[in-house]
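Throughout, read-outs are computed from the coordinates displayed, never taken from laboratory work. Everything numeric here is computed off the predicted structure, so don't read it as measured data. FYI the Cβ positions are ideal-geometry reconstructions off the backbone, even for glycines, and counts take in every protein chain you see.
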Amino acid sequence: MTKHFDEERLGLFELRAFVPSWQTRLGRVLVVSWLILNAATAGAQSKTRAHVETLASPRLEGRLAGSTGEKLASDYLVAELQKIGAKPLPGQNDFRLAFDFTAGTRDGGSTLSAGGRSFTTQSDVRALSFSDNAEVTGDVVFAGYGIVVPETQDFGYDSYATLDVKDKVVLVLRYFPEDADQKTRAVLARYADLRYKALAARQRGAKAMLVVTGPRSPNAGETIPMTFDTALAGSGIVAASISGAAANAILAAAPDKTLEAVQKSFDSGNPHVAGFAIPKSTVTIRAAVEREKRTGHNVAGYLPATEGCAVRLTPAAGDCVKPWVALGAHYDHLGHGEAGNSLAGKDEVSKVHFGADDNASGSAAVLGVAATLASQPRKRNVLVGFWSGEELGLIGSTAFAAAPPVPLDRMAAYLNFDMVGRMQDNKLTIQAAGTSAAWAKLIEQANVAAGFDVVVQADPYQPTDVATFNSASVPCLSFFTGTHADYHKPTDTADKIDYEDLDRIVDFAAAIVRRLEDATDAPQFTKVEQQFQTGGGRAGVRVFTGTIPDYASDAKGLLLGGVIGGGPAEQAGLQKGDVIVEIAGQTIANIYDYTYALDVLKIGQPAKVVYMRDGKRLETMLTPAARK
Ligand SMILES: [Zn+2]
């Protein structure tokens with residue numbers, strides 16, 4: 001019923017506008033009664049339902065950062081902050097904090113001239129999204145796969161070991177050696193990300209990096225689609241992908257070498273196979289990247305302390321230690337899925353991604369906690385933040401932390417809420433708890449009344465805004481009720497939210513904040529070592545298995561929160577709830593093992609998967625597909 005909230009309200013107002021005067025009073029009475037009724041159902045029965053239903057309504061069109069939907073959502077959040085008496089942050093006169101970002105990139109006409117030929121179409125030459133915009137001319141050095149494994153890894157692989165590429169244009173192969181043994185592939189794959197390859201080339205003085213997908217690799221000879229890249233500027237080097245034909249034109253200057261033979265020589269992964277300078281191979285590459293700039297908006301305000309703590313930004317004698325506690329959630333989502341991070345099936349592509357759980361639920365939780373705290377005495381100032389651009393790479397919270405209106409070293413703690421509306425079996429995951437030794441006890445105490453089956457995870461390096469505050473050395477926690485089959489799909493709708501448990505999370509978090517306010521000391525920050533380091537993100541992963549891992553799981557193995565419709569995992573008969581314990585001979589104890597294992601899978605080559613279902617150990621074959 002509440003699904004038709006907006007239409008219903010609109011209907012009533014229209015009625016009032018068109019009824020003759022003798023009926024106006026009746027109309028008003030109707031509106032008022034309806035509002036009271038609505039407040040009663042949405043207010044007294046749920047602290048969060050009306051917020052989720054509004055934020056996840058079709059009118060807000062999925063709240064993509066920088067869009068009209070984001071603007072409407074921010075209007076709503078500002079109005080709600082005003083309702084509970086929050087103020088703009090010190091030194092600000094608006095709740096909205098704008099930040100600029102790149103909303104997308106496209107090739108604006110890159111060109112290459114090589115071997116007397118000129119290449120001008122995107123099927124022959126296309127800038128990489130992070131390239132500088134410039135034209136450079138230079139001799140070409142073929143640098144194999146262009147991979148450098150840092151010395152700290154003690155692995156001894158450096159494509160540039162014997163090469164002088166200063167002021168040269170380097171030509172490298174995409175991906176990593178095709179025929180290397182599994183262990184070698186697993187290591188090299190981690191440093192095969194294109195950004196990382198470009199960094200290695202730039203550090204050695206190269207003017208430009210050209211990438212070709214070798215004939216022995218998937219997507220052979222094709223230029224690389226531009227990836228979504230939110231950087232505002234280039235990465236300090238000209239970088240482009242080129243076709244097999246363009247690479248052959250360059251290699252024509254070295255008649256004894258064919259691209260296929262050259263690739264084959266590198267494919268064993270033998271670190272002693274060296275690259276070579278190509279004589280008389282001067283090329284001119286002009287890279288043109290068009291970056292579409294947009295402005296996104298964080299929304300932030302605060303509830304001033306009512307006793308004990310001053311709002312002063314520069315500490316004075318007698319001030320309490322760390323006078324701020326912060327609450328935060330991202331309120332942006334995927335819009336119509338245009339940024340490339342949608343998991344929608346073919347039939348629902350470009351539909352509105354409502355993002356009820358991700359993350360209208362977290363935004364509603366923050367509003368709920370803030371409303372609770374607003375009605376009570378407070379011993380610390382409570383910052384209430386709603387971040388945008390999270391889905392595009394934590395852009396909003398990162399912008400906030402880069403120029404925070406309140407110094408982050410004055411924050412006693414930050415509590416993050418991301419996907420908290422789909423609780424199952426009373427299970428609440430609390431991530432980032434390793435950021436302070438104080439958390440374990442605090443969580444336990446607050447949970448006496450709440451009674452959740454709490455799963456505490458130390459790791460703060462989560463794909464959500466808590467990572468930003470961890471980087472700023474703020475003790476933090478992130479609440480999460482787990483992933484599901486509607487994750488990043490248009491089917492993540494408000495009717496699927498479990499409001500009763502969402503409200504319990506609000507009470508639980510409010511209790512934690514009260515304990516933080518009451519403590520004279522603030523939690524001490526502990527730095528958690530990152531368990532898993534990649535050369536440059538997961539962009540090096542090129543296989544697609546179609547699994548949706550349950551990140552909150554502490555199961556031994558990889559618990560599937562779902563499988564992508566039509567994907568390899570579904571075709572292999574895997575389903576939500578299965579726990580993968582082995583893939584292609586690699587045992588899987590956790591999600592990190594699984595990510596490593598992905599590196600050794602080969603596209604189109606069936607791999608044995610061992611998994612647990614209902615306590616039984618089963619096997620199937622999964623054939624990985626290519627990620628474009
Ligand atoms: Zn998301």
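Key figures for this structure:
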{"quantity": "Only Lys, Arg (+1) and Asp, Glu (-1) charged, at Cβ; the chain dipole about Cα centre in debye", "calculated": "720 debye"}
{"quantity": "Karplus-derived HN-Hα couplings along the stretch 127-132 (A = 6.51, B = -1.76, C = 1.60, θ = phi - 60°), whole Hz, x at Gly and Pro", "calculated": "4, 7, 4, 9, 5, 5"}
{"quantity": "Size of charge dipole - the stretch 73-142 - debye, nearest 20, with Cβ of Lys, Arg +1 and Asp, Glu -1, no other charges", "calculated": "240 debye"}
{"quantity": "Hz values of 3J(HN,Hα) by residue in the stretch 357-368 - Karplus curve (6.51, -1.76, 1.60), Gly and Pro given as x", "calculated": "6, 10, 9, 4, 5, x, 5, 5, 4, 4, 4, x"}
{"quantity": "Helix 21-38 vs. the chain, principal-axis angle (Cα, 0 to 90°, nearest 10)", "calculated": "70 degrees"}
{"quantity": "Rounded tilt (10° steps) of 439-450 against the dominant C-alpha axis of the chain", "calculated": "40 degrees"}
{"quantity": "Computed over the chain, Cα set: Rg, Dmax in Å", "calculated": "27.2, 96"}
{"quantity": "Net length gained if the chain between Asp181 and Arg613 were fully extended (0.36 nm per residue, minus Cα distance)", "calculated": "152.4 nm"}
{"quantity": "GluC sites (Glu not before Pro) restricted to DSSP loop in the stretch 52-106 with at most 13 other C-beta within 10 Å", "calculated": "none"}
{"quantity": "Val455 long-range amide H proximity, modeled H, under 5 Å", "calculated": "Leu428, Thr429, Ile430"}
{"quantity": "Nearest 10 degrees, 0 to 90: helix 591-600 Cα axis against the chain principal axis", "calculated": "20 degrees"}
{"quantity": "Ranked list, fewest to most other Cβ atoms within 10 Å of each Cβ, for Ser473, Ser478", "calculated": "Ser473, Ser478"}
{"quantity": "Reciprocal mean inverse distance between Cα atoms of the stretch 158-260 - Kirkwood radius, Å", "calculated": "14.7 Å"}
{"quantity": "Cβ-based exposure ranking for Met612, Met226, in which fewest neighbours within 10 Å come first", "calculated": "Met612, Met226"}
{"quantity": "Coil-residue trypsin sites (Lys or Arg not before Pro) of the stretch 214-310, DSSP, other Cβ within 10 Å capped at 12", "calculated": "Lys280"}
{"quantity": "Long-range tail of P(r) for the stretch 584-628 (Cα pairs > 17 Å, %)", "calculated": "36 percent"}
{"quantity": "Most positive-pole-ward Cα, Pro218, Gly573, Ala300, against dipole of the chain from beta carbon charges", "calculated": "Ala300"}
{"quantity": "Order of Ser46, Ser113 under a 10 Å beta carbon neighbour criterion, fewest first", "calculated": "Ser113, Ser46"}
{"quantity": "Student exercise, the stretch 123-235 dipole from Lys, Arg, Asp, Glu Cβ charges, in Debye to nearest 20", "calculated": "100 debye"}
{"quantity": "Radius of gyration and Dmax over the Cα atoms of the stretch 99-207, both given in Å", "calculated": "15.7, 46"}
{"quantity": "Contour minus Cα-Cα distance for Glu348 and Lys556 (0.36 nm per residue)", "calculated": "71.5 nm"}
{"quantity": "Normalised alpha carbon radius of gyration of the stretch 217-299 [divisor 2.2 N^0.38 Å]", "calculated": "1.50"}
{"quantity": "Approximate spin-label separation Val455-Asp409, in nm, with each point projected 7 Å along Cα-to-Cβ", "calculated": "3.7 nm"}
{"quantity": "Chain lengthening between Asp164 and Phe276 when straightened (0.36 nm per residue, less Cα-Cα)", "calculated": "39.4 nm"}
{"quantity": "Cα shape, the stretch 380-494, gyration tensor, a/c 1.5 rule", "calculated": "oblate"}
{"quantity": "Cα→Cβ-extended label distance, 7 Å offset, between Ile591 and Glu260, nm", "calculated": "4.2 nm"}
{"quantity": "Förster-model FRET efficiency, 22 Å R0, Asp75 and Lys293, C-beta, rounded to 0.05", "calculated": "0.45"}
{"quantity": "Dipole-positive endmost among Phe99, Ile147, Leu128 within the stretch 73-150 (Cβ charges, Cα centre)", "calculated": "Phe99"}
{"quantity": "Label-to-label distance, nm, for residues given as Phe155 and Ala374 (7 Å Cα→Cβ offset)", "calculated": "5.2 nm"}
{"quantity": "Under the Karplus curve 6.51 cos²θ - 1.76 cosθ + 1.60, θ = phi - 60°, whole-Hz ³J(HN,Hα) for the stretch 497-512, x wherever Gly or Pro sits", "calculated": "7, 9, 5, 4, 6, 4, 5, 5, 5, 4, 5, 4, 5, 4, 5, 5"}
{"quantity": "Estimated [θ] at 222 nm from DSSP helical runs (n ≥ 4, -39500 (n - 2.57)) normalised by residues in the chain, nearest 500", "calculated": "-8000 deg cm²/dmol"}
{"quantity": "Inter-part distance where the stretch 402-469 and the stretch 341-389 are each reduced to a Cα centre, Å", "calculated": "15 Å"}
{"quantity": "Amide H contacts of Gly104 (H built 1.01 Å from N, under 5 Å, at least 5 apart or other chain)", "calculated": "Glu292"}
